[in-house]
Amino acid sequence: MRQAMANAEVGDDVLDGDPTTRRLEAEVAERLGKESALFFPSGSMANQSAVWVHSRPGTELLCDAEAHVYHWEIAAVAGLCGVQSRLVKPSSGTVMRADDLRAALRLPSIHAPEPSLVCLENTHNGAGGAVTPLAELRALSDVAREAGLPVHLDGARLWNASVASGTSLASFADCADTVMVSFSKGLGAPVGACLAGPAHFITQAHRARKRFGGGMRQSGVLAAAALHALEHHFDRLADDHAAARVFADAVDSAGGARVVSPDTNIVMIDLPAPRAAQVVASAADQGVRLSMWHASRVRAVMHLDASMAMVEEAGRRVARILESEFR
Ligand SMILES: *Cc1c(COP(=O)(O)O)cnc(C)c1O
């Protein structure tokens, strides 16, 4: 990847374009079956640019409470876009389903904000990398479209959803007007995301990217990393999914902790008591990096720098820590 970055042909993407970035954007648009795509420095900026173009200030978007766009983007929906988030309550689990969205739609009223957008996420980070299957994603999209609402899909990990389910990226992307995909998660590139959609939308998103300070000049060095990742690290996401199952089996029930059965590369561990900080600190002492999700939940993410042998060892260490912490 470093070699590909060093060898990348570059131009000035703020002025008249960068050839490697153009190639990446064309490749992503093609894979997602969309007309056009635009390279961004981050998934958050791509999400926010999508919201900015889809929505007017004073309207509201609908998403679930753990959606990245609401939960992990420092209130940018409100701060940058002037848009309110309305949280759809899932009838079970973390991810909203079509019936939940239908129930959340309000009758038009002069007293209520107009809805402007539905945001979906696949895989869903907060739900432990859960895949929303194609039929369910279509059903969600149908509810939105029947209500006249555009759909933005936060597909930071759409790659994982596709590899895990065997559903093509384009079939998932067809459920949404615009789609964000990230290169810096499981694909292992240092930087970057793309926003894909209709050409006229992407022209507006280019304005949003500029406004949010995301213009990049010799961006080809970064696009080359993303192209390398797509070519070499896509199919191997299946290895991360297999590793997640091995890790989950190793830690499930240790000390009374329970894992959320992983669909993809994320393992959420629910602790029997709110001592996530202690568990994360003990794991770090033992050379295993976990993140604290909330006081009684920690997250483990499998990735291309962790071999199966390392994951097995990490599972043994974390299981021992859980057993001693919650004895
Ligand atoms: C990481 C992530 C983002 C944001 O991407 P950044 O490049 O970190 O800004 C958005 N959505 C989901 C689901 C993510 O996991």
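The values are calculated or read from the model by the stated rules, or taken from the named source; none is laboratory data. Keep in mind it's a predicted model, so treat the numbers as computed, not measured. Cβ sites come from the backbone with ideal geometry, for glycine too, and all protein chains shown count toward neighbours. With ligands, DNA and RNA removed, areas are computed over all heavy atoms of the protein, side chains included. Shrake-Rupley method; radii C 1.70, N 1.55, O 1.52, S 1.80 Å.
Things worth noting here:
- Only one entry in A156, A229, A161, A208 is within 13 Å of the ligand (Cβ to nearest atom) and touching a Phe, Trp or Tyr at 6+ places or on another chain (Cβ under 7 Å), namely A161.
- Residue in the stretch 243-250 that is open to solvent by less than 40 Å² (accessible area, probe 1.4 Å) and under 26 Å from A6 (Cβ atoms) present: no
- Hey, G148 on the phi > 0 side of the Ramachandran plot and either open to solvent by less than 40 Å² (accessible area, probe 1.4 Å) or acidic (D, E) (or both) or not: no
- Against the test of being surrounded by fewer than 17 Cβ atoms within 10 Å (Cβ to Cβ), within 22 Å of A199 (Cα to Cα) and more than 16 Å from the ligand (Cβ to nearest atom), the options S171, S141 yield a single qualifying residue, S171.
- Selected residue (only one of A78, A50, A127, A46 is modelled with pLDDT of 95 or more, part of a loop (DSSP other than H, G, I, E, B) and assigned by TED's automatic domain parsing to the domain that holds R211): A127
- Matching residues in the stretch 174-189 - criterion: being within 11 Å of the ligand (Cβ to nearest atom) and not charged (D, E, K, R): M180, V181, S182, F183, S184, G186, A189
- For the stretch 43-65, a residue qualifies if it is within 10 Å of the ligand (Cβ to nearest atom) and either open to solvent by less than 40 Å² (accessible area, probe 1.4 Å) or not hydroxyl-bearing (S, T, Y) (or both), and the qualifying residues are G43, M45, A46, N47, Q48.
- Condition check for S85: assigned to a helix (DSSP H, G or I) and under 19 Å from the mean Cα position of the chain (by Cα): no
Residue-by-condition table, conditions (1) touching a Gly at 6+ places or on another chain (Cβ under 7 Å); (2) open to solvent by less than 40 Å² (accessible area, probe 1.4 Å); (3) over 23 Å from N160 (Cα atoms):
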| position | (1), (2), (3) |
| --- | --- |
| R86 | no, no, yes |
| R97 | no, no, no |
| P115 | no, no, yes |
| E121 | no, yes, no |
| A127 | yes, yes, no |
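- The stretch 299-327 residues that are under 19 Å from V279 (Cα atoms) and open to solvent by 70 Å² or more (accessible area, probe 1.4 Å), paired with ones that are assigned to a helix (DSSP H, G or I) and small (G, A, S) (beta carbon under 6 Å, 6 or more apart): E323/A254; E323/G255
- Here G256 passes the criteria (1) in the same structural domain as H152 (by TED's automatic domain parsing); (2) touching a residue at least 60 places away in the same chain (Cβ under 8 Å); (3) open to solvent by 10 Å² or more (accessible area, probe 1.4 Å) except the one numbered (1).
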